[in-house]
Every structure is written in structure tokens, then in C-alpha cells.
Amino acid sequence: MDLARQAPVEGLAPDADSGFWRRDFLLGAATAAYQIEGAVHEDGRIPSIWDSFSHTPGKVLNADTGDVACDHYHRWEADFELLSELGVDAYRLSIAWPRVMDEKGRPNPKGLDFYKRLLDRLAGKGLQRFVTLYHWDLPQYIEDRGGWLNRDCAYRFAEYAELMSRELGGRVTAWTTLNEPWCSAALGYGLGMHAPGKRDWHLALQAMHHLLMGHGLAIQAMRPHDPAAKYGIVANVGRGTPNSDSPADRRAAELFEAQHNAWVLDPLLKARYPEALAELLPGARPLVLEGDLATIATPMDYLGINYYFRTNVESDGAHGFREVPLPDVERTQMGWEVHPDGLRDLLIGFARDYANLPPIYITENGMASDDKVVDGVVDDAQRIRFLRRHFNAVSAAMKAGVDVRGYFVWSLMDNFEWAYGYERRFGLFHVDYATQTRTAKNSAKALKAFIAERRERS
Ligand code: FCB
């Protein structure tokens, strides 16, 4: 193989004064169970809402499912060598609830052993373990009882969380209760794009309330069993910019951000829902019982932030906003606009708006491209540029005083991208799904080179 051709065209190193150079700034890669594991019928795993959804015709592009995915359930040891190759400090993974508890709520020892082996191997490699409890794979039998629309779901989630803290306590650096409750509520219940595929914003409000309740109850249930670990949640955040200077468009952008960010962050950090929600959905309020908001605002040790793109909006002439895609901007394979400044501005805004903002980890950031292996090389120059620009955007927020402690690339490898199936490739490593061959993209090599240089300098 021609080694010269293998060298990345561009580096990934951020600006010289970036906080990313600090040895104690955590650099990692992220994945989630349903997107990579496969082996959906093995060792007592029970069905989840994503098994049902992906097997429902018309829900996922090309009728793809997570049945096999990256076959990580069988290939995890080799996949962890990819982490060693990169030299990252940390790995973010998720536990599949349907693997570790049966339909009677009893522990499944085989599923638990799988995650114990994973976590022990990661610790053996000196990697910090960021473990998400809920990355969208709700057991189907709980959905059959109403899922997140049923208040009881929050209590079932806390039971599961407590079991994990008893079984896996001491093996986890940082627990994440929920990944992106906005997506679970808005895409799952409001827009029908994700499991369980419902389309009613009133339901989304109620589902969000129960998700956030589950988060607070889980932290309370877990801390006594695993007091040394850190506890937090991961929120996807959206940057909304007004299409014009008109007051109506400016208000539309505010409403966009309230719907994406404050809907989740206000209850967590201010123990209240934003007024703007009522403006967007006149008359609609979730059923909130006394004490619920205090439960939701249970103190956390960190906040995970996932950021991908910005949305340019205008007023819809009534109470809301609609997207006006900007022409001539750089986009990714998802059609998402590349806009690193949005991440900087959001982080600075959160630090201003929330006096009690906990330390932040960027728990996901990355991009999809239509990557191909040519002579053993995957030339993903756009991803290298994307990552470097976002490193610099986060660094700018840090310079402005925001306490950011780490950054995880989404994703370690190409995987099942939910409603888009396998077509959209977010990985640092390319996956050939026919052979399950992993190939380092140029971005993986560039990240490795940056990490090695950082180590040399410290
Ligand atoms: C986030 C999800 C993650 C991945 C990225 C692209 O919303 O948390 O699983 O699909 O988007």
C-alpha cells in the first residue's frame, strides 16, 4: 500500500491556545447500543421499541434494522482496539435496557456480564467510561403499557437505573441517565420520526415530563450505590437564527431555541417549564404533580451537550417558526448546515442564563458523509475540517469562561443512524456492513496524530 497516500491531507489540531491541548481535557468517541450491537435475539435480550419501529415498513430508509448493525456484540474486543489505536482518553457507550432486565423486571445475568466485560476491558485500557442508561431503546413491553406517556415508566426507569448502579457501580466514571430527551419526546411523540412513532405535541409534552422525572428519580436511586461516579444527562441543543431583522422573525428564533433547549434545560436547572412552550402550543400543559419539578431538578455533576447544526427560521405568521434553509452554505450528508459558531454561542448563552450550570462535556459532535474506501483509504477531508472548526468553537467558549471538560466525537464507527439506517456514515472508522471490515478514515488518523502530539507536548 502506498503510505504517502494514507497521510491525511489536513491536520485536526486546534489553534495553539486551545484548551483542547490541555492533557486533562478529555477526548473521546461515542456510540450507542442499538446503533452498533446487533445480536438482538441473543442471551435473553427482549424486544425494544426500536426493534418494532425499524421492522415497521416505511419507518426506516431502505427498511434497515439494527438486527445485525456493526455486530459489536460479537466484535467488541476488536472494536476496542480501535479506541486504543486512536489513543482517546474516554469512551461513551450505552447500555441496552432490554438486555439487562427481563419482562418481569428481573436482572438478566448474561446481559449484565456483557457490560461488565466491556467496562472492565475499558478500565484495563485506562479509558474513562461514560455510560448512558437510555439511548432510546425502551423495552417494548413497557411501551405496551403506555411507555413514556405512562407516569409509571419513570419509576420503572429508576428501578433499572438502581439495578445498574448496584451491579456496575465502581466500573463507571460518569453515568448519563437519558440521551437527548428532546429527541425521545419531539421525534418519538410529536413528529413520529422515531419510535414509538406518535404524532401529537400534547403527547410529546407529557412524555418529556415523564422522561425528566425518570432522570431525577434515577439519580436519587443510584447515588447511594455508586457514590464515587458522576451523574448527568445529555441534551441535544439547537441554534436558531432569524431569517430577517424583523421582530417577528427574531421572536421565531427565540421560540425555536426555547422549544429545543429551554424545554429541557429549564426544568432541569430552574425547576420550571419555559413560558414560551405555552406560546407555541396554546393551552397545552403537561400534567405536573406537586414535587415533580423538584425531582427533575435533582442536582447533577455535569451536563452533556450534543450539537450538530443550526436552523435558520422565520415567523410562521402565528405562534411559531418555520425553517428557511439558507442557500450556499456548507452542508453534510444529512443536509445539516455546518455552523461551528452556533455551538460557541449556545455554550456562552447557557453559562449566562443558568447560574447553576454544571461543568459541561460535549458528548456528541460530528458529521455524516458518503464515505467510500478507495485503495484502502477513506478521504473524509470535510470531517477533519468540521472537527477542527468545532474544537476551536468550543475552545472559544472556554476562553469566554464556560467550564467545558471534554469532547466526544460522534461516532467511533459508522452505524445504524436511526430513521436513516446505514446510508448516513458518521464514523471515524468506516464499516463495510457486508464483511464487517473496519477501515480508519483519514479523520481517525488525524485525530490520532493530534492526540499523540498532545501527549508529547505535556
Ligand atoms: C444524535 C443521537 C445519536 C446519533 C447522532 C447523529 O441525535 O444521539 O445516536 O444518531 O444524533
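The values are calculated or read from the model by the stated rules, or taken from the named source; none is laboratory data. Please read these numbers as outputs of a predicted model, since none were measured by experiment. Backbone-built Cβ (ideal geometry, glycine too); neighbour counts: all protein chains shown.
A few remarks follow.
- Selection count, region 373-403, where residues are without any contact (Cβ under 8 Å) to a residue 40 or more places away in the chain and either among the basic types (Lys, Arg) or within 15 Å of the ligand (Cβ to nearest atom) (or both): 0
- Complete set of residues in region 338-356 that are within 16 Å of the ligand (Cβ to nearest atom) and surrounded by fewer than 19 Cβ atoms within 10 Å (Cβ to Cβ): Val338
- Number of residues in region 189-207 that are within 16 Å of the ligand (Cβ to nearest atom) and either acidic (Asp, Glu) or under 30 Å from Leu119 (Cα atoms) (or both): the value is 2.
- Residues in region 207-246 that are closer than 18 Å to Ala185 by Cβ and among the hydrophobic types (A, V, I, L, M, F, W, C): 11 in all.
- Out of Ala262, Ala228, sole residue that is closer than 30 Å to Tyr34 by Cβ and surrounded by fewer than 17 Cβ atoms within 10 Å (Cβ to Cβ): Ala228
- Contact annotation: residue pairs with Cβ atoms under 8 Å, 6 or more positions apart or on different chains, pairing a residue in region 128-155 that is over 17 Å from Ile233 (Cβ atoms) and touching a residue at least 60 places away in the same chain (Cβ under 8 Å) with a partner that is surrounded by fewer than 24 Cβ atoms within 10 Å (Cβ to Cβ) and acidic (Asp, Glu), are Gln128/Asp89; Pro139/Glu103; Gln140/Asp51; Tyr141/Glu103.
- Considering the conditions (1) assigned to a helix (DSSP H, G or I); (2) surrounded by 24 or more Cβ atoms within 10 Å (Cβ to Cβ); (3) within 16 Å of the ligand (Cβ to nearest atom), Ala218 is excluded by exactly one of them, (3).
- Top-ranked residue of region 357-372 - restricted to ones that are away from the ligand (no atom under 16 Å from the Cβ) and among the hydrophobic types (A, V, I, L, M, F, W, C), ranked as nearest to the chain's Cα centre (by Cα): Ile360
- Condition met for Leu357 (modelled with pLDDT of 95 or more and under 26 Å from Thr173 (Cα atoms)): yes
- Note on region 124-161: among residues that are in a strand (DSSP E or B) and more than 16 Å from the ligand (Cβ to nearest atom), the one that is surrounded by the fewest Cβ atoms within 10 Å (Cβ to Cβ) is Gln128.
- Here region 295-332 is the region considered, the condition is being of a type in the set (Gly, Ala, Ser) and surrounded by fewer than 21 Cβ atoms within 10 Å (Cβ to Cβ), and the residue that is modelled with the lowest pLDDT is Ala318.
- Members of region 125-167 that are among the polar types (S, T, N, Q) and within 20 Å of the chain's Cα centre (by Cα): Gln128, Thr132
- For region 404-421, the set of residues classified as within 16 Å of the ligand (Cβ to nearest atom) and surrounded by 20 or more Cβ atoms within 10 Å (Cβ to Cβ) consists of Tyr407, Phe408, Val409, Trp410, Ser411, Leu412, Met413, Asp414, Asn415, Phe416, Glu417, Trp418, listed by residue number.
- Given (1) surrounded by fewer than 22 Cβ atoms within 10 Å (Cβ to Cβ); (2) closer than 19 Å to Ala258 by Cα; (3) of a type outside the set (Phe, Trp, Tyr), index of the condition Lys198 fails: (2)
- Every residue from region 417-428 that is touching an Asp or Glu at 6+ places or on another chain (Cβ under 7 Å) and either modelled with pLDDT under 95 or under 19 Å from Phe386 (Cα atoms) (or both): Arg424, Arg425, Phe426, Gly427
- Lone unmet requirement of (1) surrounded by fewer than 22 Cβ atoms within 10 Å (Cβ to Cβ); (2) closer than 20 Å to Phe157 by Cα for Leu93: (1)
- In region 263-316, of all residues being within 16 Å of the ligand (Cβ to nearest atom) and assigned to a loop (DSSP other than H, G, I, E, B), the one that is nearest to Pro359 (Cα to Cα) corresponds to Tyr307.
- Residues in region 25-38 that are among the small types (Gly, Ala, Ser) and either in contact with a Lys or Arg (Cβ under 7 Å, 6 or more places away or on another chain) or surrounded by fewer than 17 Cβ atoms within 10 Å (Cβ to Cβ) (or both): Gly28, Ala30.
- Test: residue in region 200-215 that is in a loop (DSSP other than H, G, I, E, B) and more than 23 Å from Asp89 (Cα to Cα): yes
- Near pairs, Cβ below 9 angstrom, 6+ apart or cross-chain, from region 416-427 (farther than 17 Å from Gly192 by Cβ) to any residue that is more than 9 Å from the ligand (Cβ to nearest atom) and among the aromatic types (Phe, Trp, Tyr): Phe416/Trp50; Phe416/Tyr422; Tyr422/Tyr433
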